[in-house]
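Remarks on the structure that follows.
What follows draws every value from the coordinates through simple rules; no lab data is involved. Treat the numbers as computed from the prediction; the structure is a model and nothing was measured. Reconstructed Cβ throughout: ideal geometry from the backbone, glycine too, with neighbour counts over all protein chains shown.
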Amino acid sequence: MWSAYTPTANNATIKQGGTQVLDTNGQAIGTVVERGAKQYVYKTGVIQDTKVEGGYSLLKDGAISKGSLAVTNVGTLAVEGSANQVSTIENATIDASSLLSLENNSSLANDTFVNITNLANDGNVRFGSTSLTPNTDYITLNVDNLSGSGLYTMRADMAGQQGDLLNVNQLSASSQNKLSIINQGSAATKPTDTLTVVKTNSGGQANQFTLDHAVEQGGYLFKLRQAGNNWELYAAQGGSGGKTSTALAAGNFLNISYLMNYVNTQSLMQRMGDLRSENGAKEVDFWVRGFTGKLNSFSGNLGGFDMDYRGTQMGIDKLISLSSGSLRTGVSVGYTDADPDYKAGHGSAKSYNAGLYGTYVDNSQFYIDTLLKYEHIKNNFHVKDTQNNSVSGNAKSAGYGLSVETGKRFYLQQTSQGVYLEPQAQLNYMHQEGDTVHASNGLKVKLSDYDSVLGRLSTAIGYEVKSTANPVNVYFKTGYVREFMGNNINYYLNDVKEKHNFKGNFWDNELGVSTTINKAHTFHADLHYAKGSRFDQQQINIGYRYQF
């Protein structure tokens, strides 16, 4: 290893493994720094007409480069300083394979300034570390004349209105540059925030600076636009602030809990519909049912997603005979898991539920079904951000609800079988607790509690045969469902308030069949389809009941 601490070095070639060090007032002219070699220039040290050909050169604490400075062949030029120790470079050329690294002096808590008279950059200019902290010191690069078509990797804190800055006096008309602004999920950014990242005196065409990816700040996406002679970051979607993949996935936990509660409640209410169709019912029932389905196109400011789901429910109930009719009460437990599919990733959801239910049918076929249910839901997601980084998060919440359905079956024949009509009305209340998602990229999403009241008016038309060894019931049901609450729901992206809304309506349709064998074994299956202003649903239910 060759090392030089001498005041002056002329036409030296630093080979692999070699090091050149210039301290105060040191000077090196015509130096070549080859691959694997290093050059350190401190304080008022001066280099002139230097070639960094695959090697590493550091200008620190006010060091100066005169004449030409060419960085080629995967070389690196690092410039480290502070507001009080400004390094100055007369002419720098960075080829497409090389790096200009602008670094902060870690011992000085000040922003850094670097001055370059003429910069021809076809490589990468990197401003500081790629990791951001609350005390990040930012860098300003001042360039008198900028040419080339390079990449500038920069940092921004839009909430704090600070960040790295490229300050150009004269921009070449042929210069085409990309900016790569590092994502910062922990920023408490608002969708109205803007931040200037490039300043010029000469101005230029809008496409002379473009982003290589949409910038994520907090829970929002930001784009780049020309503003006068400068370029600034601004919120996507016309200033309303498009949301990041992380914000959408975490916010959609609201939708997932809402939908899973709805699916589980309706499946249990269908079970009570099966009870009312029993013929020669015995005192005690044990039952189990499975279902699978798909939900998609959930609308709202959280964007759409698809979700496949599957579940199992089971329970036991007891028949109580009354002079006015019959009452059956029971308990149920269930498990449902789902696979939300987001545009930038996927997730999973698991629901554990338990319920108390009862159904009363009087002698005129008027009925009331009641369900009291508790539900615990766990959610997680894994998505990619705009820099292709993996981001994950999870949450859990509990909910409870009460559902009441009433209706009456009218047989068109006096034998209480054959064709029938059954108008129905249902009211379903649900309260879901909130939680906070701490995403791995620093974004914090607080989900508020919410209440939901769903009302449904339906009519079923069916055909039932009772006077046979194996009774059969076939039916089609259609109805209108409306959400009466579920509006003004709040969630917060790093404490920035956003609103969500479940309010809407949809049509609910069902086609089913059930049969009982040997007065003990009942099998049933149905197809379910719903289409509305918020979501579409397709579901298949298959069940078995044993009476003893």
Fill in: Fully extended contour minus Cα-Cα distance, from T478 to L322, at 0.36 nm per residue
53.0 nm
Fill in: Antiparallel DSSP beta bridges within the chain, as percent of all bridges there, nearest 5
70
Fill in: Förster-model FRET efficiency, 56 Å R0, Y352 and Q176, C-beta, rounded to 0.05
0.50
Item to complete: Work out how far the C-alpha atoms of segment 11-123 reach from end to end along every principal axis, then list the three figures in whole Å, largest first.
Response: 34, 29, 23
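Arrange the following residues from fewest to most other Cβ atoms within 10 Å of their Cβ: W507, W287. Walk me through the numbers before you get to the answer.
Numbers: W507 13, W287 21.
Neighbour counts put them in this order, fewest first: W507, W287.
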Worksheet entry | Residues T44 and D122, FRET efficiency given R0 of 30 Å [Cβ-Cβ distance, rounded to 0.05] | 0.50
Worksheet item: Can you give the relative contact order of the chain as a percent, counting alpha carbon pairs under 8 Å and 6+ residues apart?
Response: 8
Worksheet item: Say a paramagnetic label sat at a point 7 Å from the Cα of T459, along Cα to Cβ; which residues of segment 488-531 have their backbone N under 13 Å from it?
Response: none
Discussion item. Under the 0.36 nm per residue contour assumption, what length would be gained going from the current alpha-carbon distance of Y400 and K384 to full extension?
Written reply: 2.4 nm
Discussion item. Within segment 53-241, count lysine pairs with alpha carbon atoms under 26 angstrom apart where the residues are 8 or more positions apart or belong to different chains.
Written reply: 8
Fill in: Zone residues, segment 431-463, relative to D495, backbone N less than 14 Å from point 7 Å out along Cα-to-Cβ
444-446
Response to the item:
Footprinting proxy, D157, D495: sorted fewest to most Cβ within 10 Å, the residues are D495, D157
Discussion item. As a footprinting exposure proxy, order K51, K199 by other Cβ within 10 Å, with the fewest listed first.
Written reply: K199, K51
Practice prompt. Take the Cα gyration tensor of the chain, multiply each eigenvalue by 5, square-root it, and list the three semi-axes largest first, rounded to whole angstrom.
Written response: 72, 21, 18
Discussion item. If Rh is defined by the Kirkwood formula over all Cα pairs and Rg also comes from Cα, what ratio Rg/Rh do you get for segment 53-205?
Written reply: 0.96
Worksheet entry | Dimensions in Å of segment 245-547 - Rg and Dmax from alpha carbons | 20.6, 70
Discussion item. At a 10 angstrom cut-off on C-beta neighbours, averaged per residue, how do the peptides 462-474, 433-445, 10-22 rank from highest to lowest?
Written reply: 433-445, 10-22, 462-474
Response to the item:
With G399 itself left out, Lys, Arg at +1 and Asp, Glu at -1 over residues whose Cβ is under 12 Å from its Cβ give -3
Item to complete: State the extension gain, in nm to one decimal, for the chain segment bounded by D23 and N487, taking 0.36 nm per residue of separation less the distance between their alpha-carbons.
Response: 160.3 nm
Item to complete: Distance between Cα centroids, segment 460-492 to segment 411-446: provide it in whole Å.
Response: 11
Practice prompt. With 23 Å as the limit, write out which pairs from K396/K444; K294/K503; K373/K499; K384/K503; K243/K446; K243/K343 have Cα-Cα distances beyond it, or answer none.
Written response: K373/K499; K384/K503
